[in-house]
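Below you'll find the structure, written out as structure tokens, and then a few comments.
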Amino acid sequence: MNEYGTFLHLKGDYAGAREALGTSAKLRPELVNTLIKLGSVAFDSEDPDLAQKHFNKAASILVNGRPSADAFFHRGQMFLINE
């Protein structure tokens, strides 16, 4: 579902991407990558508040005892673009 959501996002089908990635997040809530992708879809859908929510959640999940640098990177990109 994660990869399918990515495919739909790249095609510009944001609603389909949200649905597929939402299913992925329900099945595997620990996948930081899925939350980052949900944030990216929200941002591309011009919903920066929802994007920040997803990026913040991704940044709060520990991977091997540490937060994901990728989550912080994407959240930082969003802040940079919005400034």
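The values are calculated or read from the model by the stated rules, or taken from the named source; none is laboratory data. This one's a predicted model, so the numbers in the text were calculated from it and none came from an experiment. Note that we place each Cβ from the backbone using ideal geometry, even for glycine, and neighbour counts take in every protein chain shown. Side chains are part of the model used for accessible areas, which takes the heavy atoms of the whole protein and leaves out ligands, DNA and RNA. Shrake-Rupley method; radii C 1.70, N 1.55, O 1.52, S 1.80 Å.
Of all the criteria given as (1) closer than 24 Å to residue 83 by Cα; (2) open to solvent by 70 Å² or more (accessible area, probe 1.4 Å); (3) of a type outside the set (Gly, Ala, Ser), the one not satisfied by residue 18 is (1). Tallying residues that are of a type outside the set (D, E, K, R) and either open to solvent by 60 Å² or more (accessible area, probe 1.4 Å) or over 13 Å from the mean Cα position of the chain (by Cα) (or both) within region 57-75 yields 9.
Considering region 43-56 alone, what residues qualify as being touching a residue at least 24 places away in the same chain (Cβ under 8 Å) and open to solvent by less than 60 Å² (accessible area, probe 1.4 Å)? Across region 43-56, the qualifying residues are 43, 45, 48, 51. For residue 32, the test of being touching a Gly at 6+ places or on another chain (Cβ under 8 Å) and either surrounded by 18 or more Cβ atoms within 10 Å (Cβ to Cβ) or more than 19 Å from residue 76 (Cβ to Cβ) (or both) is failed.
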